[in-house]
Amino acid sequence: MLHVVRIRSSMRPLRWLLVLPIALAFATCASQSRQRPATRVVAPRGSAQWSHDWAKGAVFYEVFVRSFSDSNGDGKGDLPGLISRLDYLNDGNPATSQDLGVDALWLMPVFASPSYHGYDTTDYETIEPDYGSNADFERLLEEAHRRGIRVIVDFVVNHSSSEHPWFRESASSASSPRRDWYVWSPVDPGWTQPWGNNATWHPRNGAYYYGVFWGGMPDLNWRTPEVRAEMTRLAKLWLDRGVDGFRLDATRHLVETGPGPGQSDTAETHAALKELAAAIRSTHPNAVLVGENWTETPAIAAYYGSAAVVAGGDELPMNFDFPLATEIVSGVRSGNAAGIAAKLVEIAALYPPGALDAPFLTNHDQVRLATQLEGNAARMRNAAAILLTLPGAPFLYYGEEVGLANGPTGNDEAKRTPMPWDSSAGGGFTTGTPWFPFAPGRETANVAAQNDRTDSLLSRYRALIRARKSSSALRRGDLRILTPAAGATPVLAFLRTDGDDRVLVAHNVSDALAIAGPLAVGGASGEKIFGDAGVGELSGSSGAWTIALPPRASAVFRIR
(Lines give C-alpha, C1' and ligand atoms only; values in the text may rest on other atoms or scores of the structure.)
Protein backbone atom coordinates (compact mmCIF):
# COMPACT_ATOMS: atom_id res chain seq x y z
CA MET A 1 0.00 0.00 0.00
CA LEU A 2 1.23 3.49 -0.82
CA HIS A 3 1.29 6.08 1.92
CA VAL A 4 0.89 9.54 0.41
CA VAL A 5 1.66 12.67 2.40
CA ARG A 6 2.03 16.18 1.00
CA ILE A 7 4.76 18.32 2.50
CA ARG A 8 4.55 22.06 2.16
CA SER A 9 7.77 23.39 0.83
CA SER A 10 6.78 35.23 30.16
CA MET A 11 9.49 34.13 32.45
CA ARG A 12 8.62 30.84 34.04
CA PRO A 13 8.42 30.84 37.86
CA LEU A 14 11.71 29.87 39.43
CA ARG A 15 11.76 26.72 41.49
CA TRP A 16 11.69 27.49 45.20
CA LEU A 17 14.41 24.89 45.66
CA LEU A 18 16.86 27.50 44.39
CA VAL A 19 18.66 29.35 47.11
CA LEU A 20 17.27 32.80 47.84
CA PRO A 21 20.22 34.90 46.60
CA ILE A 22 20.16 33.45 43.08
CA ALA A 23 16.36 33.68 43.00
CA LEU A 24 16.68 37.36 43.82
CA ALA A 25 19.34 37.78 41.12
CA PHE A 26 17.04 36.29 38.49
CA ALA A 27 14.14 38.35 39.80
CA THR A 28 16.20 41.49 39.18
CA CYS A 29 16.84 40.39 35.59
CA ALA A 30 13.16 39.57 35.14
CA SER A 31 12.23 43.00 36.47
CA GLN A 32 14.47 44.64 33.87
CA SER A 33 12.84 42.48 31.22
CA ARG A 34 9.35 43.56 32.31
CA GLN A 35 10.34 47.20 32.05
CA ARG A 36 11.30 46.55 28.43
CA PRO A 37 8.67 44.36 26.70
CA ALA A 38 10.96 43.86 23.72
CA THR A 39 11.67 40.24 24.60
CA ARG A 40 7.96 39.54 24.19
CA VAL A 41 7.66 41.11 20.76
CA VAL A 42 4.90 39.83 18.49
CA ALA A 43 5.14 40.97 14.88
CA PRO A 44 2.25 43.37 14.11
CA ARG A 45 0.17 43.22 11.00
CA GLY A 46 1.94 44.89 8.12
CA SER A 47 5.33 44.03 9.57
CA ALA A 48 8.25 43.41 7.24
CA GLN A 49 8.45 40.08 5.42
CA TRP A 50 11.47 37.92 4.71
CA SER A 51 12.69 37.94 1.11
CA HIS A 52 14.41 34.58 0.73
CA ASP A 53 13.83 33.52 -2.85
CA TRP A 54 17.60 33.18 -3.28
CA ALA A 55 17.83 30.68 -0.40
CA LYS A 56 14.95 28.42 -1.40
CA GLY A 57 16.60 25.31 -2.75
CA ALA A 58 20.11 26.80 -2.53
CA VAL A 59 23.02 24.48 -1.72
CA PHE A 60 25.21 25.70 1.17
CA TYR A 61 28.77 24.58 1.90
CA GLU A 62 30.16 24.68 5.45
CA VAL A 63 33.80 25.77 5.67
CA PHE A 64 36.19 25.68 8.62
CA VAL A 65 38.60 28.34 7.39
CA ARG A 66 41.49 27.02 9.53
CA SER A 67 41.31 23.71 7.65
CA PHE A 68 40.45 24.72 4.10
CA SER A 69 43.45 26.30 2.39
CA ASP A 70 46.63 27.92 3.73
CA SER A 71 48.09 30.74 1.64
CA ASN A 72 51.21 31.61 3.67
CA GLY A 73 52.67 28.28 4.80
CA ASP A 74 51.96 28.66 8.53
CA GLY A 75 49.87 25.49 8.53
CA LYS A 76 46.60 27.31 9.19
CA GLY A 77 43.96 27.96 6.57
CA ASP A 78 43.11 31.59 5.94
CA LEU A 79 40.87 33.89 3.93
CA PRO A 80 43.30 34.40 1.03
CA GLY A 81 43.54 30.62 0.79
CA LEU A 82 39.76 30.31 0.71
CA ILE A 83 39.57 32.97 -1.99
CA SER A 84 42.02 30.96 -4.10
CA ARG A 85 39.65 27.95 -3.91
CA LEU A 86 36.40 29.73 -4.77
CA ASP A 87 36.42 28.47 -8.36
CA TYR A 88 36.38 24.92 -7.00
CA LEU A 89 33.16 25.76 -5.16
CA ASN A 90 31.53 27.81 -7.92
CA ASP A 91 33.36 29.48 -10.79
CA GLY A 92 30.37 31.67 -11.67
CA ASN A 93 29.91 30.09 -15.10
CA PRO A 94 26.82 27.82 -15.33
CA ALA A 95 28.18 26.29 -18.55
CA THR A 96 31.17 24.66 -16.83
CA SER A 97 30.99 21.39 -14.90
CA GLN A 98 34.28 21.15 -12.99
CA ASP A 99 33.12 23.34 -10.10
CA LEU A 100 30.94 21.97 -7.31
CA GLY A 101 28.21 24.51 -8.06
CA VAL A 102 27.26 25.53 -4.51
CA ASP A 103 25.19 28.67 -4.02
CA ALA A 104 26.37 29.82 -0.60
CA LEU A 105 29.08 29.39 2.03
CA TRP A 106 28.70 29.10 5.78
CA LEU A 107 31.94 30.12 7.45
CA MET A 108 32.51 28.70 10.91
CA PRO A 109 33.64 31.45 13.34
CA VAL A 110 35.96 34.01 11.76
CA PHE A 111 35.92 36.70 14.45
CA ALA A 112 38.85 37.23 16.83
CA SER A 113 39.20 34.43 19.38
CA PRO A 114 41.89 32.82 21.56
CA SER A 115 40.93 29.26 20.55
CA TYR A 116 41.39 27.19 17.40
CA HIS A 117 37.62 26.80 16.92
CA GLY A 118 36.60 30.42 17.43
CA TYR A 119 33.39 29.89 19.38
CA ASP A 120 34.72 32.07 22.21
CA THR A 121 34.75 35.51 20.63
CA THR A 122 36.89 38.36 21.97
CA ASP A 123 36.01 40.95 19.31
CA TYR A 124 32.83 40.71 17.25
CA GLU A 125 33.97 43.44 14.85
CA THR A 126 37.38 42.09 13.84
CA ILE A 127 38.49 39.09 11.78
CA GLU A 128 40.68 36.53 13.57
CA PRO A 129 44.31 37.50 12.73
CA ASP A 130 45.21 33.86 11.92
CA TYR A 131 42.72 34.14 9.04
CA GLY A 132 43.67 37.58 7.78
CA SER A 133 42.25 41.07 8.10
CA ASN A 134 38.93 42.81 7.71
CA ALA A 135 40.18 43.87 4.28
CA ASP A 136 40.77 40.21 3.38
CA PHE A 137 37.20 39.44 4.42
CA GLU A 138 35.90 42.29 2.28
CA ARG A 139 37.82 40.85 -0.67
CA LEU A 140 36.35 37.41 0.02
CA LEU A 141 32.85 38.86 -0.12
CA GLU A 142 33.62 40.65 -3.38
CA GLU A 143 35.07 37.55 -5.02
CA ALA A 144 32.32 35.27 -3.75
CA HIS A 145 29.53 37.60 -4.80
CA ARG A 146 31.14 38.04 -8.22
CA ARG A 147 30.73 34.29 -8.69
CA GLY A 148 27.16 34.29 -7.40
CA ILE A 149 28.10 32.77 -4.03
CA ARG A 150 26.37 34.13 -0.93
CA VAL A 151 28.26 34.14 2.38
CA ILE A 152 26.86 33.62 5.87
CA VAL A 153 29.01 33.64 8.99
CA ASP A 154 28.79 32.02 12.40
CA PHE A 155 27.40 34.55 14.89
CA VAL A 156 27.92 33.30 18.44
CA VAL A 157 25.06 34.98 20.27
CA ASN A 158 24.71 32.83 23.40
CA HIS A 159 28.11 33.58 24.91
CA SER A 160 31.40 35.38 24.46
CA SER A 161 34.94 34.52 25.50
CA SER A 162 35.89 35.02 29.13
CA GLU A 163 38.69 37.14 27.65
CA HIS A 164 36.25 39.53 25.97
CA PRO A 165 36.55 43.09 27.34
CA TRP A 166 32.83 43.00 28.15
CA PHE A 167 33.29 40.06 30.49
CA ARG A 168 36.47 41.39 32.06
CA GLU A 169 34.61 44.60 32.90
CA SER A 170 31.57 42.67 34.11
CA ALA A 171 33.71 40.49 36.39
CA SER A 172 35.69 43.40 37.80
CA SER A 173 33.06 44.47 40.32
CA ALA A 174 29.47 43.86 41.39
CA SER A 175 28.88 47.53 40.59
CA SER A 176 30.38 47.35 37.09
CA PRO A 177 28.25 49.09 34.42
CA ARG A 178 28.37 45.81 32.49
CA ARG A 179 27.71 43.55 35.45
CA ASP A 180 24.32 42.48 34.10
CA TRP A 181 25.71 41.79 30.59
CA TYR A 182 26.37 38.32 32.04
CA VAL A 183 24.47 36.19 34.56
CA TRP A 184 25.91 36.34 38.08
CA SER A 185 25.10 34.77 41.45
CA PRO A 186 26.63 35.41 44.88
CA VAL A 187 26.51 31.63 45.50
CA ASP A 188 26.87 28.50 43.40
CA PRO A 189 23.35 27.27 42.47
CA GLY A 190 24.84 23.91 41.51
CA TRP A 191 23.24 23.46 38.09
CA THR A 192 24.76 21.04 35.62
CA GLN A 193 24.56 21.03 31.85
CA PRO A 194 21.16 19.88 30.54
CA TRP A 195 22.97 17.26 28.43
CA GLY A 196 25.61 16.17 30.96
CA ASN A 197 27.12 16.42 34.42
CA ASN A 198 29.53 19.32 34.02
CA ALA A 199 28.98 22.40 36.18
CA THR A 200 27.50 25.50 34.58
CA TRP A 201 28.31 28.06 37.32
CA HIS A 202 31.95 29.15 37.55
CA PRO A 203 33.75 31.13 40.29
CA ARG A 204 35.28 34.56 39.66
CA ASN A 205 36.20 37.27 42.14
CA GLY A 206 33.98 36.00 44.94
CA ALA A 207 30.89 35.32 42.83
CA TYR A 208 29.68 32.81 40.23
CA TYR A 209 28.86 33.37 36.56
CA TYR A 210 26.80 31.15 34.30
CA GLY A 211 28.40 29.43 31.30
CA VAL A 212 26.44 26.46 30.02
CA PHE A 213 29.29 25.15 27.80
CA TRP A 214 32.35 25.87 29.96
CA GLY A 215 33.98 28.56 32.05
CA GLY A 216 35.82 30.05 29.08
CA MET A 217 32.50 30.91 27.41
CA PRO A 218 30.29 32.87 29.84
CA ASP A 219 26.67 33.24 28.72
CA LEU A 220 25.52 36.70 27.70
CA ASN A 221 22.49 37.94 29.63
CA TRP A 222 19.79 38.35 26.99
CA ARG A 223 17.42 39.80 29.61
CA THR A 224 19.54 42.96 29.58
CA PRO A 225 18.25 45.45 26.97
CA GLU A 226 21.76 46.74 26.25
CA VAL A 227 22.95 43.23 25.37
CA ARG A 228 20.08 42.70 22.95
CA ALA A 229 20.72 46.10 21.40
CA GLU A 230 24.45 45.42 21.01
CA MET A 231 23.97 42.02 19.38
CA THR A 232 21.44 43.54 16.98
CA ARG A 233 23.89 46.34 16.18
CA LEU A 234 26.65 43.84 15.46
CA ALA A 235 24.39 41.78 13.21
CA LYS A 236 23.45 44.83 11.19
CA LEU A 237 27.09 45.95 11.06
CA TRP A 238 28.15 42.74 9.29
CA LEU A 239 25.09 42.78 7.05
CA ASP A 240 26.00 46.33 6.05
CA ARG A 241 29.52 45.06 5.36
CA GLY A 242 28.05 42.59 2.88
CA VAL A 243 27.43 39.26 4.58
CA ASP A 244 24.22 37.51 3.55
CA GLY A 245 23.14 36.17 6.92
CA PHE A 246 24.18 34.22 9.97
CA ARG A 247 24.31 30.75 11.41
CA LEU A 248 23.24 31.42 14.99
CA ASP A 249 25.09 29.25 17.48
CA ALA A 250 23.42 27.57 20.46
CA THR A 251 20.09 29.35 20.02
CA ARG A 252 18.26 27.02 22.42
CA HIS A 253 20.15 28.41 25.40
CA LEU A 254 19.78 32.19 25.30
CA VAL A 255 17.67 32.74 28.44
CA GLU A 256 17.65 30.39 31.43
CA THR A 257 14.88 30.20 34.02
CA GLY A 258 16.18 27.37 36.19
CA PRO A 259 18.12 24.11 36.13
CA GLY A 260 17.37 21.20 33.79
CA PRO A 261 14.52 22.08 31.42
CA GLY A 262 14.90 25.75 32.32
CA GLN A 263 18.22 25.85 30.47
CA SER A 264 16.76 25.22 27.01
CA ASP A 265 13.86 26.32 24.80
CA THR A 266 12.36 28.84 27.22
CA ALA A 267 9.62 31.28 26.25
CA GLU A 268 12.03 34.18 26.80
CA THR A 269 14.53 32.59 24.42
CA HIS A 270 11.87 32.48 21.69
CA ALA A 271 10.89 36.07 22.45
CA ALA A 272 14.50 37.28 22.21
CA LEU A 273 14.98 35.54 18.84
CA LYS A 274 11.73 37.04 17.52
CA GLU A 275 12.98 40.48 18.48
CA LEU A 276 16.33 39.94 16.77
CA ALA A 277 14.66 38.51 13.66
CA ALA A 278 12.19 41.41 13.45
CA ALA A 279 15.02 43.94 13.68
CA ILE A 280 17.02 42.24 10.91
CA ARG A 281 13.94 41.67 8.75
CA SER A 282 13.07 45.37 8.91
CA THR A 283 16.39 46.48 7.37
CA HIS A 284 17.87 43.38 5.66
CA PRO A 285 14.95 41.14 4.59
CA ASN A 286 17.22 39.14 2.24
CA ALA A 287 19.42 37.99 5.13
CA VAL A 288 19.01 34.42 6.34
CA LEU A 289 19.19 33.32 9.95
CA VAL A 290 19.90 29.62 10.45
CA GLY A 291 19.32 28.32 13.97
CA GLU A 292 21.37 25.60 15.63
CA ASN A 293 18.67 23.89 17.69
CA TRP A 294 20.02 20.40 18.26
CA THR A 295 16.88 18.70 19.53
CA GLU A 296 13.78 16.84 18.33
CA THR A 297 11.43 17.87 15.54
CA PRO A 298 8.58 19.35 17.65
CA ALA A 299 10.97 21.67 19.48
CA ILE A 300 12.75 22.65 16.26
CA ALA A 301 9.41 23.47 14.62
CA ALA A 302 8.70 26.03 17.36
CA TYR A 303 11.80 28.03 16.37
CA TYR A 304 10.19 29.06 13.07
CA GLY A 305 7.59 30.97 15.06
CA SER A 306 4.23 31.87 13.61
CA ALA A 307 3.49 32.07 9.89
CA ALA A 308 0.21 33.93 10.48
CA VAL A 309 1.74 37.33 9.73
CA VAL A 310 5.27 36.65 8.46
CA ALA A 311 5.49 34.10 5.64
CA GLY A 312 7.61 31.13 6.68
CA GLY A 313 7.59 32.21 10.33
CA ASP A 314 8.30 35.29 12.45
CA GLU A 315 11.23 33.80 14.38
CA LEU A 316 14.11 31.94 12.67
CA PRO A 317 13.47 31.47 8.93
CA MET A 318 15.78 28.41 8.72
CA ASN A 319 16.72 25.69 11.21
CA PHE A 320 19.14 22.80 10.90
CA ASP A 321 17.28 19.50 10.69
CA PHE A 322 19.23 17.30 13.10
CA PRO A 323 16.58 14.55 13.39
CA LEU A 324 16.31 14.20 9.60
CA ALA A 325 20.10 13.92 9.34
CA THR A 326 20.00 11.10 11.88
CA GLU A 327 17.31 9.26 9.94
CA ILE A 328 19.11 9.60 6.61
CA VAL A 329 22.38 8.21 7.98
CA SER A 330 20.55 5.47 9.87
CA GLY A 331 18.40 4.53 6.88
CA VAL A 332 21.38 4.35 4.56
CA ARG A 333 23.28 2.19 7.06
CA SER A 334 20.39 -0.19 7.73
CA GLY A 335 18.97 -0.42 4.21
CA ASN A 336 15.52 0.71 5.40
CA ALA A 337 14.06 3.98 4.11
CA ALA A 338 10.90 3.95 6.25
CA GLY A 339 12.46 6.05 9.02
CA ILE A 340 13.41 8.78 6.53
CA ALA A 341 9.86 8.81 5.16
CA ALA A 342 8.40 8.93 8.67
CA LYS A 343 10.56 11.89 9.61
CA LEU A 344 9.46 13.76 6.47
CA VAL A 345 5.84 13.04 7.42
CA GLU A 346 6.44 14.45 10.90
CA ILE A 347 8.07 17.57 9.48
CA ALA A 348 5.04 18.10 7.23
CA ALA A 349 2.72 17.89 10.21
CA LEU A 350 4.67 20.19 12.53
CA TYR A 351 6.52 22.84 10.51
CA PRO A 352 4.58 26.01 9.65
CA PRO A 353 3.50 26.58 6.03
CA GLY A 354 6.38 27.85 3.88
CA ALA A 355 9.07 26.92 6.42
CA LEU A 356 12.52 26.64 4.86
CA ASP A 357 14.21 23.46 6.11
CA ALA A 358 18.01 23.15 6.37
CA PRO A 359 18.78 19.44 5.86
CA PHE A 360 22.34 18.09 6.13
CA LEU A 361 24.22 14.84 6.73
CA THR A 362 26.89 15.75 9.29
CA ASN A 363 28.57 18.89 10.59
CA HIS A 364 31.64 19.98 12.57
CA ASP A 365 30.31 18.61 15.88
CA GLN A 366 29.67 15.09 14.59
CA VAL A 367 31.70 12.11 13.48
CA ARG A 368 32.11 12.53 9.76
CA LEU A 369 29.77 10.78 7.35
CA ALA A 370 32.47 8.63 5.74
CA THR A 371 33.42 7.22 9.13
CA GLN A 372 29.82 6.66 10.21
CA LEU A 373 29.24 4.77 6.95
CA GLU A 374 32.47 2.77 7.45
CA GLY A 375 34.03 4.11 4.25
CA ASN A 376 31.39 2.41 2.13
CA ALA A 377 31.36 4.34 -1.16
CA ALA A 378 27.90 3.11 -2.22
CA ARG A 379 26.37 4.30 1.03
CA MET A 380 28.03 7.70 0.72
CA ARG A 381 26.66 8.02 -2.80
CA ASN A 382 23.22 7.05 -1.46
CA ALA A 383 23.26 9.68 1.28
CA ALA A 384 24.38 12.42 -1.10
CA ALA A 385 21.56 11.67 -3.54
CA ILE A 386 18.91 11.72 -0.83
CA LEU A 387 20.15 15.00 0.65
CA LEU A 388 20.37 16.82 -2.67
CA THR A 389 16.88 15.86 -3.84
CA LEU A 390 15.06 16.96 -0.66
CA PRO A 391 13.19 20.25 -0.15
CA GLY A 392 14.81 23.15 1.62
CA ALA A 393 18.39 24.41 1.49
CA PRO A 394 20.80 21.48 1.94
CA PHE A 395 24.14 22.01 3.69
CA LEU A 396 27.32 20.12 2.78
CA TYR A 397 30.24 19.85 5.20
CA TYR A 398 33.60 20.56 3.56
CA GLY A 399 35.31 17.38 2.40
CA GLU A 400 32.09 15.37 2.47
CA GLU A 401 32.10 15.48 -1.33
CA VAL A 402 35.37 13.53 -1.50
CA GLY A 403 34.61 11.11 1.34
CA LEU A 404 36.79 12.79 3.97
CA ALA A 405 36.89 10.58 7.08
CA ASN A 406 37.28 11.50 10.72
CA GLY A 407 40.76 12.24 11.99
CA PRO A 408 42.93 9.94 14.11
CA THR A 409 41.85 11.21 17.55
CA GLY A 410 38.58 11.32 19.45
CA ASN A 411 38.37 15.08 19.99
CA ASP A 412 36.53 17.76 17.99
CA GLU A 413 39.67 18.65 16.05
CA ALA A 414 39.43 15.20 14.41
CA LYS A 415 36.10 16.24 12.90
CA ARG A 416 37.69 19.38 11.43
CA THR A 417 40.92 18.16 9.83
CA PRO A 418 42.62 19.89 6.88
CA MET A 419 41.02 19.62 3.45
CA PRO A 420 42.90 17.11 1.25
CA TRP A 421 43.36 18.73 -2.15
CA ASP A 422 45.92 16.12 -3.25
CA SER A 423 47.99 13.28 -1.76
CA SER A 424 51.25 15.21 -1.32
CA ALA A 425 52.90 15.77 2.05
CA GLY A 426 51.08 19.05 2.56
CA GLY A 427 47.94 17.73 0.92
CA GLY A 428 47.74 20.81 -1.30
CA PHE A 429 46.50 22.48 1.87
CA THR A 430 49.80 23.98 3.04
CA THR A 431 53.48 24.19 2.20
CA GLY A 432 54.22 23.99 5.93
CA THR A 433 53.12 21.67 8.71
CA PRO A 434 49.33 21.38 9.01
CA TRP A 435 47.88 22.72 12.27
CA PHE A 436 46.37 19.24 12.82
CA PRO A 437 47.13 15.92 11.11
CA PHE A 438 45.22 14.88 8.00
CA ALA A 439 42.51 12.27 8.32
CA PRO A 440 43.42 8.76 7.15
CA GLY A 441 42.56 7.66 3.63
CA ARG A 442 43.49 10.87 1.87
CA GLU A 443 45.43 8.96 -0.79
CA THR A 444 42.08 8.52 -2.56
CA ALA A 445 39.83 10.85 -0.57
CA ASN A 446 41.22 14.02 -2.13
CA VAL A 447 40.14 16.43 -4.84
CA ALA A 448 42.94 15.74 -7.35
CA ALA A 449 42.33 11.98 -7.28
CA GLN A 450 38.62 12.42 -8.00
CA ASN A 451 38.52 15.56 -10.10
CA ASP A 452 38.56 13.95 -13.56
CA ARG A 453 36.92 10.62 -12.73
CA THR A 454 33.31 10.53 -13.84
CA ASP A 455 32.57 7.73 -11.35
CA SER A 456 34.01 9.53 -8.32
CA LEU A 457 32.05 10.76 -5.32
CA LEU A 458 33.07 14.33 -6.18
CA SER A 459 31.64 13.97 -9.69
CA ARG A 460 28.43 12.60 -8.19
CA TYR A 461 28.01 15.67 -5.98
CA ARG A 462 28.62 17.91 -8.98
CA ALA A 463 26.07 16.02 -11.09
CA LEU A 464 23.44 16.03 -8.33
CA ILE A 465 23.79 19.77 -7.77
CA ARG A 466 23.51 20.40 -11.52
CA ALA A 467 20.37 18.23 -11.64
CA ARG A 468 18.94 20.18 -8.70
CA LYS A 469 19.56 23.46 -10.50
CA SER A 470 17.98 22.16 -13.71
CA SER A 471 14.58 21.71 -12.05
CA SER A 472 12.51 24.26 -10.18
CA ALA A 473 10.64 21.32 -8.63
CA LEU A 474 13.87 19.91 -7.14
CA ARG A 475 14.96 23.33 -5.90
CA ARG A 476 11.77 24.63 -4.38
CA GLY A 477 8.86 22.28 -5.02
CA ASP A 478 6.46 20.59 -2.64
CA LEU A 479 7.09 16.99 -1.69
CA ARG A 480 4.65 14.06 -1.73
CA ILE A 481 5.84 10.84 -0.10
CA LEU A 482 5.09 7.74 -2.19
CA THR A 483 6.53 4.96 -0.02
CA PRO A 484 5.66 3.58 3.44
CA ALA A 485 6.58 5.52 6.55
CA ALA A 486 6.46 2.41 8.75
CA GLY A 487 7.75 -1.12 8.69
CA ALA A 488 10.56 -1.89 6.26
CA THR A 489 11.08 -0.64 2.73
CA PRO A 490 14.28 -0.46 0.66
CA VAL A 491 12.99 2.45 -1.44
CA LEU A 492 12.40 6.10 -0.63
CA ALA A 493 10.26 7.59 -3.40
CA PHE A 494 8.60 10.98 -3.63
CA LEU A 495 7.19 13.50 -6.06
CA ARG A 496 8.49 17.09 -6.15
CA THR A 497 6.17 19.67 -7.74
CA ASP A 498 6.57 23.34 -8.59
CA GLY A 499 3.87 24.57 -10.96
CA ASP A 500 4.15 22.63 -14.21
CA ASP A 501 7.49 21.09 -13.24
CA ARG A 502 6.93 17.65 -11.70
CA VAL A 503 9.81 15.37 -10.76
CA LEU A 504 9.67 11.76 -9.56
CA VAL A 505 12.57 10.74 -7.30
CA ALA A 506 13.47 7.22 -6.12
CA HIS A 507 16.36 5.98 -3.98
CA ASN A 508 17.23 2.36 -3.25
CA VAL A 509 19.02 2.27 0.13
CA SER A 510 19.58 -1.48 0.05
CA ASP A 511 22.32 -3.71 -1.34
CA ALA A 512 19.90 -5.63 -3.56
CA LEU A 513 17.81 -4.85 -6.64
CA ALA A 514 14.58 -3.08 -5.63
CA ILE A 515 11.41 -2.23 -7.51
CA ALA A 516 9.77 1.11 -6.78
CA GLY A 517 6.12 1.19 -7.67
CA PRO A 518 3.62 1.27 -8.99
CA LEU A 519 3.86 4.98 -8.18
CA ALA A 520 0.62 6.79 -9.05
CA VAL A 521 1.80 10.23 -10.10
CA GLY A 522 0.09 10.60 -13.50
CA GLY A 523 1.76 11.82 -16.66
CA ALA A 524 2.32 10.24 -20.04
CA SER A 525 6.10 9.85 -19.98
CA GLY A 526 9.22 10.50 -17.94
CA GLU A 527 12.49 12.19 -18.89
CA LYS A 528 15.49 11.03 -16.87
CA ILE A 529 17.42 14.02 -15.52
CA PHE A 530 19.60 11.96 -13.16
CA GLY A 531 20.15 8.23 -12.97
CA ASP A 532 22.77 5.78 -11.78
CA ALA A 533 24.17 3.05 -14.00
CA GLY A 534 21.64 0.31 -14.60
CA VAL A 535 18.57 2.48 -14.03
CA GLY A 536 16.29 2.08 -17.03
CA GLU A 537 13.29 4.06 -18.16
CA LEU A 538 9.95 4.28 -16.38
CA SER A 539 7.62 1.37 -17.04
CA GLY A 540 3.87 1.09 -16.51
CA SER A 541 0.76 2.77 -17.83
CA SER A 542 -1.89 5.32 -16.87
CA GLY A 543 0.67 7.27 -14.88
CA ALA A 544 1.33 4.43 -12.41
CA TRP A 545 5.06 4.13 -12.91
CA THR A 546 7.51 1.43 -11.86
CA ILE A 547 11.28 1.89 -11.58
CA ALA A 548 13.83 -0.93 -11.31
CA LEU A 549 16.67 0.29 -9.10
CA PRO A 550 20.01 -1.53 -8.86
CA PRO A 551 21.62 -1.70 -5.39
CA ARG A 552 22.15 1.77 -3.85
CA ALA A 553 20.92 3.47 -7.03
CA SER A 554 18.98 6.71 -7.41
CA ALA A 555 16.89 8.09 -10.25
CA VAL A 556 15.16 11.38 -11.00
CA PHE A 557 12.55 11.65 -13.79
CA ARG A 558 10.73 14.73 -15.02
CA ILE A 559 7.11 13.68 -15.52
CA ARG A 560 5.56 14.92 -18.75
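Computed quantities for the displayed model
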item	result
All positions within the stretch 523-546 that are within 33 Å of the chain's Cα centre (by Cα) and among the β-branched types (Val, Ile, Thr)	529, 535
From the options 445, 449, residue that is under 25 Å from the mean Cα position of the chain (by Cα), buried (at least 16 other Cβ atoms within 10 Å of the Cβ) and of a type in the set (A, V, I, L, M)	445
Answer from 408, 418, 394, 359 - the residue that is in contact with a helix residue (DSSP H, G or I) (Cβ under 7 Å, 6 or more places away or on another chain) and modelled with pLDDT under 95	408
Meets criteria (within 20 Å of the chain's Cα centre (by Cα) and in a helix (DSSP H, G or I)) for residue 237	no
Residue check, residue 147 touching an Asp or Glu at 6+ places or on another chain (Cβ under 9 Å) and surrounded by fewer than 19 Cβ atoms within 10 Å (Cβ to Cβ)	yes
Looking only at the stretch 167-177, and only at residues there that are out of contact with any Gly (no Cβ under 9 Å at 6 or more places or on another chain) and surrounded by fewer than 19 Cβ atoms within 10 Å (Cβ to Cβ), the one that is farthest from residue 217 (Cα to Cα)	175
Wholly enclosed strands (runs of 3 or more DSSP E) of the stretch 477-545 bearing at least 2 residues open to solvent by 30 Å² or more (accessible area, probe 1.4 Å)	478-481, 491-498, 514-520, 526-531, 539-541
Number of the exception - residue 278 against (1) within 19 Å of the chain's Cα centre (by Cα); (2) open to solvent by 10 Å² or more (accessible area, probe 1.4 Å); (3) hydrophobic (A, V, I, L, M, F, W, C)	(1)
Filter result for the condition that a residue is over 26 Å from the mean Cα position of the chain (by Cα) and modelled with pLDDT of 95 or more, over 489, 497	489
Yes/no for residue 273 being under 20 Å from residue 393 (Cα atoms), touching a Phe, Trp or Tyr at 6+ places or on another chain (Cβ under 8 Å) and either open to solvent by less than 10 Å² (accessible area, probe 1.4 Å) or charged (D, E, K, R) (or both)	no
Boolean, residue 8 is at pLDDT below 95, in contact with a Leu (Cβ under 9 Å, 6 or more places away or on another chain) and more than 23 Å from residue 428 (Cβ to Cβ)	yes
Search result, residues across the stretch 319-337 that are open to solvent by less than 20 Å² (accessible area, probe 1.4 Å), more than 18 Å from residue 252 (Cβ to Cβ) and assigned to a helix (DSSP H, G or I)	328, 329, 331, 332
Top-ranked residue of the stretch 364-385 - restricted to ones that are within 18 Å of the chain's Cα centre (by Cα) and open to solvent by 10 Å² or more (accessible area, probe 1.4 Å), ranked as farthest from residue 305 (Cα to Cα)	367
Scope the stretch 460-476; condition hydroxyl-bearing (Ser, Thr, Tyr) and open to solvent by less than 10 Å² (accessible area, probe 1.4 Å); matching residues	461, 471
Strands (runs of 3 or more DSSP E) contained in the stretch 49-135 and holding at least 2 residues within 19 Å of the chain's Cα centre (by Cα) and not aliphatic (A, V, I, L, M)	60-63
Filter result (open to solvent by 60 Å² or more (accessible area, probe 1.4 Å) and either of a type outside the set (Gly, Ala, Ser) or closer than 14 Å to residue 167 by Cα (or both)) within the stretch 195-239	195, 197, 198, 203, 204, 205, 208, 213, 214, 226, 233
Selection count, the stretch 251-304, where residues are acidic (Asp, Glu) and either over 22 Å from residue 201 (Cβ atoms) or not in a loop (DSSP other than H, G, I, E, B) (or both)	4
Test: residue in the stretch 453-473 that is assigned to a loop (DSSP other than H, G, I, E, B), out of contact with any Pro (no Cβ under 9 Å at 6 or more places or on another chain) and charged (D, E, K, R)	yes
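The values are calculated or read from the model by the stated rules, or taken from the named source; none is laboratory data. Just so we're clear, the structure is a prediction, and the values are computed from it rather than from any experiment. FYI the Cβ positions are ideal-geometry reconstructions off the backbone, even for glycines, and counts take in every protein chain you see. Ligands, DNA and RNA are stripped out before the accessible areas are found, and what is left, the full protein with its side chains, is counted by its heavy atoms. Shrake-Rupley method; radii C 1.70, N 1.55, O 1.52, S 1.80 Å.
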